[in-house]
Amino acid sequence: MARPKPDFPPAEAILALCDGEGRLALRVTPGAKVEGIEIAAGRLTLKTRAKPKDGEANDAVVAMLGKALGRAPSRIRLIRGETGREKMVQIQ
């Protein structure tokens with residue numbers, strides 16, 4: 001059976017959570033059964049199937065955010081939280 005496509009909130013809602021310099025704080029759940037992005041209590045939560053091994057989950061986070069925002073993953077940079085669940089990315 002095919003995996004369901006991740007459910008993304010509108011790009012405008014995600015970008016509204018960014019500060020003036022394009023930084024976005026988020027919480028990541030690696031190794032999740034279902035992928036998706038949700039906004040709860042004014043905070044972005046991202047779930048990915050990728051395991052937190054050798055940066056695979058970080059790469060998946062950047063790729064999923066790029067897809068949700070309609071931007072190339074190269075325009076999204078992880079600036080904090082490389083080894084933790086609490087991350088900060090900069091969106092250009």
Practice prompt. Output the number of residues of region 40-55 satisfying the condition of being more than 9 Å from the chain's Cα centre (by Cα), farther than 13 Å from residue 84 by Cα and surrounded by 15 or more Cβ atoms within 10 Å (Cβ to Cβ).
Written response: 2
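Is it the case, given these coordinates, that residue 37 is surrounded by 18 or more Cβ atoms within 10 Å (Cβ to Cβ) and either touching a residue at least 60 places away in the same chain (Cβ under 8 Å) or not aromatic (Phe, Trp, Tyr) (or both)?
Here the answer is yes, as residue 37 does meet what is asked.
Scan region 53-71 for residues that are in contact (Cβ under 8 Å) with a residue 40 or more places away in the chain and not hydrophobic (A, V, I, L, M, F, W, C) and jot them down. Break it down stepwise before answering.
First, pick out the residues of region 53-71 that are in contact (Cβ under 8 Å) with a residue 40 or more places away in the chain: 64-65, 67-70.
Selection gives 67, 70.
For residue 3, state whether it is surrounded by fewer than 15 Cβ atoms within 10 Å (Cβ to Cβ), among the basic types (Lys, Arg) and outside any loop (DSSP other than H, G, I, E, B).
In short, no.
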Item to complete: Being assigned to a helix (DSSP H, G or I) and of a type outside the set (A, V, I, L, M, F, W, C) is the filter; apply it to region 56-92 and report the residue that is surrounded by the most Cβ atoms within 10 Å (Cβ to Cβ).
Response: 58
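Picking from 20, 31, which residue would you name as being outside any strand (DSSP E or B) and either under 13 Å from the mean Cα position of the chain (by Cα) or closer than 21 Å to residue 90 by Cα (or both)?
Numbers: 31 fails: either under 13 Å from the mean Cα position of the chain (by Cα) or closer than 21 Å to residue 90 by Cα (or both).
Only one candidate qualifies: 20.
Any read-out appearing in this document is the output of simple, stated calculations on the displayed coordinates, not a laboratory observation. The shown structure was predicted, so the numbers you read here are calculated from the model rather than taken from an experiment. Cβ coordinates were reconstructed from backbone atoms using ideal geometry, including for glycine residues, and neighbour counts include every protein chain displayed.
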